[in-house]
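Data block below; observations after.
The values are calculated or read from the model by the stated rules, or taken from the named source; none is laboratory data. This structure is a prediction, so every number in the text was calculated from the model and none was measured. In this analysis, Cβ positions are derived from the backbone assuming ideal geometry, glycine residues included, and neighbour counts consider all displayed protein chains.
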Amino acid sequence: MSIFHDRIASAIDMSKKYAGNRARLSRALDMSPNYISTMLSTKASPSWDLSVKLARELEVSLAYLAGSTSQPFDVTDLGADGPITEQAMKFFDQIAGSLREAANMRGQEPTVDDMMLRWFKYGRQLSGFDKIIEWFDIYRAPGDRSNRIEVLRMGRSSLSARTLGVADKKSLQYALDEVRDSDLQKRLLLAYRSAAEGQPVLSEEALNVLAPGHAEQIRLDYIRLLLPVASETDGNVIISYSKPLR
């Protein structure tokens, strides 16, 4: 079977409308019920007009049927006022995902979705976040007997580094240990303990505190995502990724 006929057969099977029913598709093309089966088995070439109708019924592009692209949906076929098909949405999702991955590979700031996708994709391993590691901080996963959260690494572009004005884990640890807000310290410890149990913790946070060593009050509303991951060197750790709410 040629690639043209192979693509047609595949598109019929994938079509929600026809779900492999070749006779039904043949009738939709105003042809005899066995037309499609005969055309595929004999490798007959349909006319241009029939090929266009066939592509429209199957919601794929002619370029895809001809084998010149691996994408069933052709963005140039989408009219300004036309409906967006499921194939079109899948196409756009793939493009969007590829663009986000490319942005991450260049070290651009990730989104919460990017972080979650990497967590699933790389099996909850810290190594899967290498390209974007400067955008978050890493903490040791606290146990039930832990009375503080321990900073293992501070990302140069993390929200805490931008807020404190320095990417130094000792400075961050000092701020966490010496801040005069016991309720804040308790909430942080509980959140990190919860993440250490194995599931992500996403929350909206508000900070209004005077950080040790800083003259000005820190006021910040932000989204925080805690991800439990495995590190080759430090065992179970917590990724802390935050984005300010603007």
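Condition test on Arg180, is it over 28 Å from the mean Cα position of the chain (by Cα), loosely packed, with under 13 Cβ neighbours inside 10 Å and modelled with pLDDT under 90?
Working: over 28 Å from the mean Cα position of the chain (by Cα): yes; loosely packed, with under 13 Cβ neighbours inside 10 Å: yes; modelled with pLDDT under 90: yes.
So Arg180 fits the description; yes.
Go through the stretch 180-235 and report how many residues are among the basic types (Lys, Arg) and assigned to a loop (DSSP other than H, G, I, E, B).
Filtering the stretch 180-235 for residues among the basic types (Lys, Arg) gives 180, 186-187, 193, 219, 224.
Add one more test, that the residue is assigned to a loop (DSSP other than H, G, I, E, B), and what stays is 180.
Count: 1.
Which of the residues belonging to the stretch 123-140 are part of a strand (DSSP E or B) and hydroxyl-bearing (Ser, Thr, Tyr)?
Tyr139
Within the stretch 1-120, considering only helices (runs of 4 or more DSSP H) that don't extend past its boundaries, which have at least 1 residues that are closer than 30 Å to Gln199 by Cβ and either out of contact with any His (no Cβ under 9 Å at 6 or more places or on another chain) or modelled with pLDDT under 75 (or both)? Break it down stepwise before answering.
Numbers: elements: 3-14, 22-28, 35-42, 48-58, 62-66, 86-105.
Hits in the stretch 1-120: 86-105.
Does Tyr192 satisfy being in the same structural domain as Leu220 (by TED's automatic domain parsing), over 17 Å from Pro212 (Cβ atoms) and among the aromatic types (Phe, Trp, Tyr)? Explain how you work it out, then say what you get.
Details: in the same structural domain as Leu220 (by TED's automatic domain parsing): yes; over 17 Å from Pro212 (Cβ atoms): yes; among the aromatic types (Phe, Trp, Tyr): yes.
When the stated conditions are applied, Tyr192 passes them.
Yes/no matrix, rows are residues, columns are (1) closer than 20 Å to Pro228 by Cα; (2) under 29 Å from the mean Cα position of the chain (by Cα):
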{"site": "Gly155", "(1), (2)": "yes, yes"}
{"site": "Thr163", "(1), (2)": "no, yes"}
{"site": "Val166", "(1), (2)": "no, no"}
{"site": "Lys169", "(1), (2)": "yes, yes"}
{"site": "Arg187", "(1), (2)": "yes, yes"}
{"site": "Val201", "(1), (2)": "yes, yes"}
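Would a scan of the stretch 162-169 turn up a residue that is in a helix (DSSP H, G or I), at pLDDT below 95 and either of a type in the set (Gly, Ala, Ser) or surrounded by fewer than 17 Cβ atoms within 10 Å (Cβ to Cβ) (or both)?
Yes, there is a match, as at least one residue in the stretch 162-169 is in a helix (DSSP H, G or I), at pLDDT below 95 and either of a type in the set (Gly, Ala, Ser) or surrounded by fewer than 17 Cβ atoms within 10 Å (Cβ to Cβ) (or both).
In this structure, does Glu197 turn out to be more than 22 Å from Ala230 (Cβ to Cβ) and of a type in the set (D, E, K, R)?
So Glu197 does not fit the description; no.
Could you grab me the full set of residues in the stretch 209-239 that are of a type in the set (S, T, N, Q) and either free of Cβ contacts under 8 Å to residues at least 12 places away in the same chain or under 13 Å from Pro142 (Cα atoms) (or both)?
Gln217, Thr233, Asn236
Residues in the stretch 218-229: is at least one modelled with pLDDT of 95 or more and either more than 28 Å from the chain's Cα centre (by Cα) or of a type outside the set (A, V, I, L, M, F, W, C) (or both)?
Looking through the stretch 218-229, at least one residue is modelled with pLDDT of 95 or more and either more than 28 Å from the chain's Cα centre (by Cα) or of a type outside the set (A, V, I, L, M, F, W, C) (or both).
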